[in-house]
1. Any chance you could count how many residues in region 185-212 are modelled with pLDDT under 95 and buried (at least 24 other Cβ atoms within 10 Å of the Cβ)?
2. Counting only residues that are free of Cβ contacts under 8 Å to residues at least 60 places away in the same chain and among the aromatic types (Phe, Trp, Tyr), which one in region 184-216 is farthest from residue 355 (Cα to Cα)?
3. Let me spell it out: the conditions are (1) of a type in the set (A, V, I, L, M, F, W, C); (2) in contact (Cβ under 8 Å) with a residue 40 or more places away in the chain; (3) open to solvent by 20 Å² or more (accessible area, probe 1.4 Å), and residue 392 meets all of them except one. Which number is the exception?
4. Taking the residues in region 372-383 that are surrounded by fewer than 24 Cβ atoms within 10 Å (Cβ to Cβ) and in contact (Cβ under 8 Å) with a residue 24 or more places away in the chain as candidates, determine which candidate is farthest from residue 144 (Cα to Cα).
5. Among 314, 310, 329, 242, which is the only one that is more than 25 Å from residue 206 (Cβ to Cβ), under 23 Å from the mean Cα position of the chain (by Cα), open to solvent by 20 Å² or more (accessible area, probe 1.4 Å) and among the basic types (Lys, Arg)?
6. Filter region 31-59 for residues that are part of a helix (DSSP H, G or I), crowded, with 20+ Cβ neighbours inside 10 Å and not small (Gly, Ala, Ser) and give the result.
7. Against the definition (within 22 Å of residue 359 (Cβ to Cβ) and either of a type in the set (Lys, Arg) or without any contact (Cβ under 8 Å) to a residue 12 or more places away in the chain (or both)), how does residue 37 come out, yes or no?
8. Can you go through 303, 316 and tell me which one is farther than 24 Å from residue 227 by Cβ and at pLDDT 95 or above?
Amino acid sequence: MKYDIADIKRAPEGVKRIEWADRDMPTLAQVRDRFAKQRPLKGLKMSACLHVTAETANLVRTLKAGGADVVLCASNPLSTQDDVAAALVKNYGINVFARHGIDNKGYYKHLAGALEHKPNITMDDGADLVSAIITKHKELQSRVIGSMEETTTGVIRLRAMEKDGVLPFPVIAVNDADTKHLFDNRYGTGQSTLDGIIRATNKLIAGQTFVVAGYGWCGRGLAARVRGHGAHVIVTEVDEVKALEATMDGFQVMPMAEAARLGDFFCTVTGDMHVIRPEHVKVMKDGAIIANSGHFDIEIDLVGIKKLSKKVIKHVRGVDMTQYVITDKKSVYVLADGRLVNLGCAEGHPPSVMDLSFATQALASEWCVKMQGNLTNTVHVPPKTIDTSVAALKLKSMGVKIDKLTADQEHYLSSWEMGT
C-alpha cells in the first residue's frame, strides 16, 4: 500500500468513529449492500479528494464494496481526522494521503499522490483533482470516464472550465442534486457552522447581531439556525432574487459596508473571494468574530487584513482562532484561519445528512459508468431518478410512508383535456 498519514496506531479510534457515523447512515448502507452484490464499479480505479472524516470513510467503503480500487486524499488540511485516515489504511485497505494541518506544499503532494493512481473516475470537493489533471497531468485525461463534484465552489469552477472549453471529460455536479443541496447545504451547513463557531468562541448567540454573507442554500440554512438561537440576522447579497427572498424570509438585507458596522459575528457562505475585506474590518466592532463556511479560505481577504493589522496573535484558543490587532482599542478574530469553520472548529456535517449526499455520490458514480460514451464533456446534473431513489431509501429507513397517485390522478397530471 502507498499512503501518507499521521499515525497508523490511531486506527482503533478511527474504527469506532466510522462505526458510530455508520449508525446514522442507513441510506448509504443500503446502497453499499446492493453494490457488494452487483459490483457496478468493478475494475475501475477511483481517486477521491474529499474531507477525510468518518462520513467520507463510509462513502469510500461503499465505493470499494462496488468493486472500485479507491485512493483518498484530503480536500482540506483542517478537516482531516487522523484516526479515520489510520483506520481506512489499516482496517479497510484504502490508500489515504491525508494529515491534519498539513501545509500547502504537502497538500499538493497528496493531490499528486492520489493522481498517481491513474484513475478512471475522480471525485472532488472543490475541483482540485480535475484542475490538476487539466493543468499538470494531461496524460490522464483520456483515462477518465467522468468526475463527481460535491460542492458549490467546485461546480462554479467546473462551469468556468466548461465555458472556456477545457473540460476533457464529463463532470457530474452531485452538488446540484436535490438530495444533496436541499439537505447537506441547508441543514448540514446550517447546524455544523453554528456548532464550529460556538465551540471555538463559547459565546452566546442570543441577542447578538449575526451577518450571513450569501443567501444560497448554505446561507439560508445558517441564517435560519442563528435566528433560532435568538440572533438578529443580517444578510448580504449580490443577487437581486436571493436578496428579495431573504427580505421576505424576514431578514435585514444590506451591503457588507453597512453590515460591517453592526455585526458581532460574520460568516461568509458565498463560494467567492474577498467577501470580507480590509475596508469592512476597519469599521467593525472590537471583538468581532469572522468565519467562513463557503469553502476556500479566500472568502476572507486575510492578506489584506494582515497588512491592516498592527500585529497578529495566533492560538488565542488552541488552534482555532487568530487575533488581528487593528488598533490599540480594537481587534477582530478569525476562526480556523479562514478555512471551513464547521470542519476546522467542529466535526462537519452530522452523519444523517451526509447519508443523503454520499448515497447520491455513490449512485451518481454508478450512473456515470453506465452512461460511459454517451455524455458530453460538460457539467451534468444527476438524473431525477437518483434523487427519487435516495429519498425513498431515506424515508424507508426513517419509517415514513407517503401517498401514491391514483390512476385518475396520474392521468390528470399527464393530460390536458380536462379543464377547470
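1. 1
2. Restricting to residues being free of Cβ contacts under 8 Å to residues at least 60 places away in the same chain and among the aromatic types (Phe, Trp, Tyr), the top hit is 210.
3. (2)
4. Taking region 372-383 first, the residues surrounded by fewer than 24 Cβ atoms within 10 Å (Cβ to Cβ) are 372-381, 383.
Remaining after also requiring in contact (Cβ under 8 Å) with a residue 24 or more places away in the chain: 372, 375-381.
Working: 372: 10, 375: 12, 376: 13, 377: 11, 378: 13, 379: 14, 380: 15, 381: 18 Å.
Across region 372-383, the extreme among qualifying residues is 381.
5. Result of the check over 314, 310, 329, 242: 242.
6. So the first thing to find is which residues in region 31-59 are part of a helix (DSSP H, G or I), and the list is 31-38, 54-59.
If we keep only those that are crowded, with 20+ Cβ neighbours inside 10 Å as well, we get 31-32, 35, 54-59.
Residues satisfying the conditions are 31, 32, 35, 55, 56, 58, 59.
7. On the way: within 22 Å of residue 359 (Cβ to Cβ): yes; either of a type in the set (Lys, Arg) or without any contact (Cβ under 8 Å) to a residue 12 or more places away in the chain (or both): yes.
Criteria met by residue 37.
8. Values: 316 fails: at pLDDT 95 or above.
The conditions single out 303.
The values are calculated or read from the model by the stated rules, or taken from the named source; none is laboratory data. Keep in mind the model is a prediction, meaning the values are calculated, not measured. No Cβ is skipped: glycine too gets one built from the backbone with ideal geometry, and neighbour counts run over all protein chains shown. Side chains included, ligands, DNA and RNA excluded: accessible areas come from the protein's heavy atoms. Shrake-Rupley method; radii C 1.70, N 1.55, O 1.52, S 1.80 Å.
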